[in-house]
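Please read the structure below before turning to the comments.
The values are calculated or read from the model by the stated rules, or taken from the named source; none is laboratory data. Keep in mind the model is a prediction, meaning the values are calculated, not measured. Cβ placement follows ideal geometry from the backbone for every residue including glycine, while neighbour counts extend to all protein chains displayed.
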Amino acid sequence: MSRDAGSDVEQLQALKHAYLRHLDLKQWDEFGALFTPHATGSYAELTFSSRDGIVDYLRETAETIVELVFVPAYDVAIEGAAFYSDRMARTPEGWRFTHVGYRRTFEASWTMSAVPGWSFEVGTAYHG
């Protein structure tokens, strides 16, 4: 693996792309492999002290993650924006996240069942 700056930038961009892609596709094993075992996370007020904690939380709560977060199990939809602060480290396996997190600039949420005529259905992309 080359250690020049351009190569590092490309590898870090690929790491962030893989994070978003595996999250969107719910490829949890591949998603978890992007982190060091003791990676930490801080999503708004939620904190996690391990890779497994981060992955387990997202696996259990995120029904669909797009521009909005829909969590039908809790009858809630959340929309927001944030400033992200990720940290990465070079490991023998390549670049990995040691911390992922964000601080919210705003968040709006609503109870999905309270919106007349509104419905939610998972698309076929998530059916394998």
**OP:** With the condition kept exactly as written, say whether any residue in segment 81-90 is more than 29 Å from residue 7 (Cα to Cα), in contact with a strand residue (DSSP E or B) (Cβ under 8 Å, 6 or more places away or on another chain) and surrounded by 12 or more Cβ atoms within 10 Å (Cβ to Cβ).
**Re:** no
Original post:
What number of residues within segment 79-92 satisfy the criterion of being in a loop (DSSP other than H, G, I, E, B), farther than 12 Å from residue 19 by Cα and in contact (Cβ under 8 Å) with a residue 12 or more places away in the chain?
Top reply: 1
Original post:
Of everything in segment 91-124 that's over 18 Å from the mean Cα position of the chain (by Cα) and within 30 Å of residue 11 (Cβ to Cβ), which residue is surrounded by the fewest Cβ atoms within 10 Å (Cβ to Cβ)?
Top reply: 92
Subject >> residue 53 surrounded by 14 or more Cβ atoms within 10 Å (Cβ to Cβ), at pLDDT 85 or above and either in contact with a strand residue (DSSP E or B) (Cβ under 6 Å, 6 or more places away or on another chain) or closer than 30 Å to residue 124 by Cβ (or both) >> reply: no
Original post:
For segment 26-50, what are the residues that are surrounded by 13 or more Cβ atoms within 10 Å (Cβ to Cβ), not acidic (Asp, Glu) and not in a strand (DSSP E or B)?
Top reply: 26, 27, 28, 31, 32, 33, 34, 44, 50
Original post:
If the Cβ limit is 7 Å and pairs must be 6+ apart or interchain, which residue in segment 1-17 that is surrounded by 11 or more Cβ atoms within 10 Å (Cβ to Cβ) pairs with which residue that is modelled with pLDDT of 55 or more?
Top reply: 11/94; 11/95; 12/88; 12/95; 15/34; 15/88; 15/95
